[in-house]
Amino acid sequence: MTTIDWDSAAGSFDDEPDHGLLDPVVRHAWAQRLETWLPRERSEVLDLGCGTGSLALLVAGQGHRVTAVDRSPRMVEQARAKLAGTGTEVLIGDAAAPPVGKQRFDVILARHVVWLLPDPAAVLRHWFGLLRPGGRLVLVEGVWNGVGLSARQLSVLLAPFTERVHHEPLSGDRDLWGKDVDDERYALVARAEPPRRHTEVVDVHLILRRGPDVLLARRAGTGYADGLLHAPSGHVEDGEDVREAVIRETAEEIGVALEPGELRTALVMQHRGPGGSPRTGWFFEAAYDPERPPYNREPDKCSELAWFPLDALPDDMVAYCRAGLDGYRTGEHFLIHWHEDGDTVAFEPRGTRRAVPLPAGGARTGRLHHIELWVPDLAAAVSGWGWLLGELGHVPYQQWAHGRSWRRGDSYVVIEQSPDLVPGGHERRRPGLNHLAFHVEDRARLDALVARAPEHGWRLLFGDRHPRAGGDGHVAAYLEDTAGYEVELVAGAAPTRPGPPAPAPHTDGWARRRD
């Protein structure tokens, strides 16, 4: 709280143009604003911290009945002289606890008062108790020379008591101040209507995958988290569902027109920023399409787009987004991410982790936990398997001296060159593992993977019968790496295995594919 000797200041108080309102231009500017802030009909107005009564005089002149309060006897003396004949009652008292008994008002007006209060939240609660239902609180505040209350800070203080707050910037109106000002000055008009049922902003985030990499945008010129990296994102607008919102935001921010079928729900997170209100974020996954490369469509809000490895994300990120991507990488589907008020918006590598995973429902018994493949050459296996699993939507999960793993959902694949590995190569036709099979979205995606597979150490098996080596009704590719491990990539719907092969020369696909 700032301590000011208001009695000593009373003699020169009206010298400031916006205090005394002696200049007709300044007086008219304030009168016009008050007309928009106050009810049109005659109302009971309580002016707190009234000073010498300049605003109270304008309010009374507009036909309202005014009660004015100030703690300085000399200020009150001047206010009473100024307001003589208007029917205004001027009282000596503390604005935080005005001496009005059980009287209730239609409007409480306070200019440059809240920033001086030692416990503004408690005082605002008391002031709302002095308003009639539907009444309004008119607060004129600002930040001067580094002191005061910003509109954002005061809005947070008002949030527990009302949802209807009108913010009106005042800095740009030089007539109000009798000069140009470059600091923050504003009015907030808050209605005495209790908050309705809790609501939250819903935001959407796109995890655009290019193999093991994700696309991030560096914020700029937005006033929030500028300079930090974040996934393409935005808010759900009225009438939209979350899928429509992420499609719209993606087109607006990075120029990619996604179809609904290209999106996969990756993660849902409830989040609270430092000093902010909770919000719920939906993270969607989509695959990079080289035919539709992303580009920066909002250079006024974004300084760059860049790809980053999902398992080695940069530190200069928004903490909220970083927590979502870390959760996505480790296979979580639901998170709570709750900042403390002293936290930073930016991710802190050595800071406290705020993300709390929430387990999904459903029986876990019987689900595949992981598959572990022992390989003779870890580096070669990581090169081939890392590419393929990344293209199939698996994300890097674990890393240790002898192995790596990639996770998708609740299951993961391990590639390990174990110190306990015995001599001898893998032979899929011996007892044991024959192959792993994975879904692929469609034939086009299958063809693209087959075309690129040789670059990463995979060769196509049964090429003379591709892509029908598994049977006429089964579209798939069979790949083998340099160590002899086989992978089946199945395009389209889940396959159904054909029956036993017929003895005819052209046996069914399962028999042919085993040749």
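Mind pulling the angle between the C-alpha long axis of helix 242-254 and the longest principal axis of the chain? Nearest 10 degrees, somewhere in 0 to 90. Approximately 90 degrees, to the nearest 10. Set the Cα radius of gyration of the range 93-198 against 2.2 N^0.38 Å, with N its number of residues, and you get 1.09. When the scattering of the range 259-302 is computed by the Debye formula from its Cα atoms alone, each counted once and equally, what is log10 I(q)/I(0) at q = 0.28, 0.32 Å⁻¹? For the range 259-302, the Cα-only Debye profile gives -0.95, -1.01. Close amide H partners of Glu184, meaning residues 5 or more places away or on another chain with modelled amide H under 5 Å apart, are Val143. Against the chain, whose longest principal axis is taken from its Cα atoms, helix 319-329 shows a tilt of about 20°. Applying Stokes-Einstein at 10 °C and 1.306 mPa s to the Kirkwood radius of the range 109-164, computed over alpha-carbon pairs, gives a translational diffusion coefficient of 134 µm² s⁻¹.
Longest stretch of the chain clear of exposed loop sites (chymotrypsin sites (Phe, Trp or Tyr not before Pro), DSSP loop, at most 14 other Cβ atoms within 10 Å, sites excluded): 1-223.
Length available on full extension from Arg40 to Asn434: 0.36 nm per residue minus the Cα-Cα distance, which gives 133.6 nm. The range 233-278 gives an Rg/Rh value of 1.02, both radii derived from C-alpha positions and Rh following Kirkwood.
Largest first, the extents of the alpha carbon coordinates of the range 260-414 on the three principal axes equal 52, 41, 35 Å. With θ taken as phi - 60° and the Karplus curve 6.51 cos²θ - 1.76 cosθ + 1.60 applied, the whole-hertz 3J(HN,Hα) list for the range 332-340 is 7, 10, 9, 9, 10, 10, 10, 6, 7 Hz, x standing for glycine and proline. Taking Cα atoms only, the orientation of helix 120-129 departs from the longest principal axis of the chain by about 70 degrees.
The relative contact order of the chain, computed from alpha carbon pairs under 8 Å that lie at least 6 residues apart in sequence, is 8 percent. Each Cα pair under 8 Å and six or more residues apart adds its sequence gap; the mean of these over the residue count of the range 335-475 is a relative contact order of 18 percent.
A 1.4 Å probe run over the chain, with the rest of the protein chains in place, finds 50 Å² accessible per residue. With the Cα gyration tensor of the range 413-484 giving a ≥ b ≥ c as the square roots of its eigenvalues, does the rule (a/c under 1.5 for rounded; else a/b larger than b/c for prolate; else oblate) give rounded, prolate or oblate? In terms of gyration-tensor shape, prolate.
Look at the Cα gyration tensor of the range 198-283: its axes a ≥ b ≥ c give a/c of at least 1.5 with a/b at or below b/c, and that counts as oblate. With all protein chains in place and a 1.4 Å probe, the accessible surface of the range 345-453 carries 53 percent carbon and sulfur.
Counting only protein heavy atoms and a probe of 1.4 Å, the accessible surface of the range 9-150 is 51% carbon and sulfur.
Using a Förster distance of 51 angstrom, determine the FRET efficiency expected from the C-beta separation of Thr482 and Asp15, and round it to 0.05.
My answer for the efficiency is 0.05.
For Asp173 and Glu252, the difference between the fully extended length at 0.36 nm per residue and the C-alpha to C-alpha distance is 25.1 nm.
For the range 381-415 and the range 4-81, write down the distance between their C-alpha centroids in whole Å. After rounding, the separation between the Cα centres reads 70 Å.
Rounded to the nearest whole Hz, the Karplus-based 3J(HN,Hα) values (6.51 cos²θ - 1.76 cosθ + 1.60, θ = phi - 60°) of the range 369-382 follow the sequence 7, 7, 10, 10, 10, 8, 10, x, 9, 4, 4, 5, 5, 4, with x at glycine and proline. Measuring between their Cα centroids, the range 291-348 and the range 213-273 lie 11 Å from each other.
Amide H contacts of Val201 (H built 1.01 Å from N, in plane; Pro and chain starts excluded): Thr280 sit under 5 Å, all sequence-distant by 5 or more or on other chains. Computed on the range 244-323, the Cα convex hull volume stands at 128 Å³ per residue. Using R0 = 51 Å, the C-beta based FRET efficiency linking Tyr295 and Asp94 works out to 0.30. Modelled spin labels at Glu262 and Glu372, positioned 7 Å past Cα toward Cβ, are 3.9 nm from each other. Bridge orientation summary for the chain: considering DSSP beta bridges with both residues in this region, about 60 percent are antiparallel.
The shape of the range 367-442 can be summarised by an equivalent ellipsoid whose semi-axes, obtained from the alpha carbon gyration tensor, come to 20, 16, 12 Å from longest to shortest. Give the calculated FRET efficiency between Asp472 and Arg408 to the nearest 0.05, with a Förster radius of 35 Å applied to their Cβ-Cβ distance. For Asp472 and Arg408, the calculated efficiency is 0.75.
Pairwise Cα distances in the range 32-101 exceed 13 Å for 58 percent of all pairs. In plain terms, the C-alpha convex hull of the range 28-147 casts an average shadow of 7.7 nm² when viewed from every direction. When Cα Rg over 2.2 N^0.38 Å is calculated for this entry, the matching label among [x] 1.49; [y] 1.43; [z] 1.31 is [y].
Couplings for the range 89-99, taken from phi via the Karplus curve 6.51 cos²θ - 1.76 cosθ + 1.60 with θ = phi - 60°, read 9, 10, 10, 8, x, 7, 4, 5, 9, x, x Hz in order; Gly and Pro are left as x.
The values are calculated or read from the model by the stated rules, or taken from the named source; none is laboratory data. If you're wondering where the values come from, they're calculated on a predicted model, not measured in any experiment. For neighbour counting, all protein chains shown are included, and Cβ atoms are generated from backbone atoms with ideal geometry for every residue, glycine included. Side chains included, ligands, DNA and RNA excluded: accessible areas come from the protein's heavy atoms. Shrake-Rupley method; radii C 1.70, N 1.55, O 1.52, S 1.80 Å.
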